[in-house]
Amino acid sequence: MDFVRFMNELQNRMTTAFAVYIMHHPTNAPVSELPTKIYVLINSVLFTIVRHVSDPAPHISREKIIEVFGQLAEQMLSAPRAST
């Protein structure tokens, strides 16, 4: 149960951080399904962190994981582009 409480606290803090970031970096158009996308991103990050700390893949660096999650967040949270 302590693990679940710890993960819930991390999720709450990361959700707050995402909210602050999004408020300071608004997009030109609303992002569809924003709460769901934030939930998926945060829980993906949390699982990956736990997995990497407990059983790190020797060929994947911490820096690369951070870079990929940044790219993923940018893609998921960007407003859809207009079709030409």
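The values are calculated or read from the model by the stated rules, or taken from the named source; none is laboratory data. Owing to the predicted nature of the structure, the values given are computational and were not obtained by experimental measurement. A quick note on method: Cβ atoms are made from the backbone with ideal geometry, for glycine too, and the neighbour counts reach across all protein chains shown. Only protein heavy atoms, including side chains, enter the accessible area calculation; ligands, DNA and RNA are left aside. Shrake-Rupley method; radii C 1.70, N 1.55, O 1.52, S 1.80 Å.
What to note about this one:
- Pick from region 34-64, criterion in a helix (DSSP H, G or I) and farther than 21 Å from F3 by Cβ, ranking: least open to solvent (accessible area, probe 1.4 Å): I38
- Hits in region 1-33 (condition: under 23 Å from I65 (Cα atoms) and assigned to a loop (DSSP other than H, G, I, E, B)): H25
- Selection count where residues are among the hydrophobic types (A, V, I, L, M, F, W, C) and closer than 13 Å to S44 by Cα, scope region 4-21: 3
- Residue match in region 61-78 (condition: acidic (D, E) and within 14 Å of the chain's Cα centre (by Cα)): yes
- In region 10-32, the residues that are without any contact (Cβ under 8 Å) to a residue 60 or more places away in the chain form Cβ pairs under 7 Å with partners that are open to solvent by 70 Å² or more (accessible area, probe 1.4 Å) and of a type outside the set (K, R), at six or more places apart or across chains, as follows: A29/P80.
- Matching residues, region 65-84, being more than 22 Å from Q11 (Cα to Cα), among the aliphatic types (A, V, I, L, M) and either loosely packed, with under 10 Cβ neighbours inside 10 Å or modelled with pLDDT of 90 or more (or both): A82
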